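Q: My structure is below; once you've seen it, I'll send some questions.
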Amino acid sequence: MNNINPVQFQNNFFNLKQSQSEAPESSFREMFRDQLMQVNQLEQEAQTITADFAAGKVDNIHDVTIAGEKANLAVNLSTAVQSKVLSAYEEIMRLQV
């Protein structure tokens, strides 16, 4: 009969948390640029799958619809973020020092 041994945690779990906090923080500009690049990629994928559907290469309309909605949602979200950032900037500029 085998004895039950206590659970031993691997050091990787605890090192993961430390490495995340030590990583340099990216600026808002870099983060926003990366997100816009992802939005662009989603739009290109939606255009590609739509063209493939029109050419008869893709039969599944669900994939086409999902790709289009993902791109639409990403564009709407980035537009909303851009609008909020611009509003915040304008509000800061109106502050009297």
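Q: Remind me, relative contact order of the range 27-94 in percent, using alpha carbon pairs under 8 angstrom and six or more residues apart?
A: Values: 29 pairs, mean separation 22.8, N = 68.
Averaging sequence separation for qualifying contacts and normalising by length gives 33 percent for the range 27-94.
Q: Sticking with this one: Can you give me the distance in nm between label points at I92 and A55, each placed 7 Å from the Cα along the Cα-to-Cβ direction?
A: 4.6
Coordinate-derived values only; no laboratory data. This structure is a prediction, so every number in the text was calculated from the model and none was measured. We place every Cβ from the backbone using ideal geometry, glycine too, and count neighbours over all the protein chains shown.
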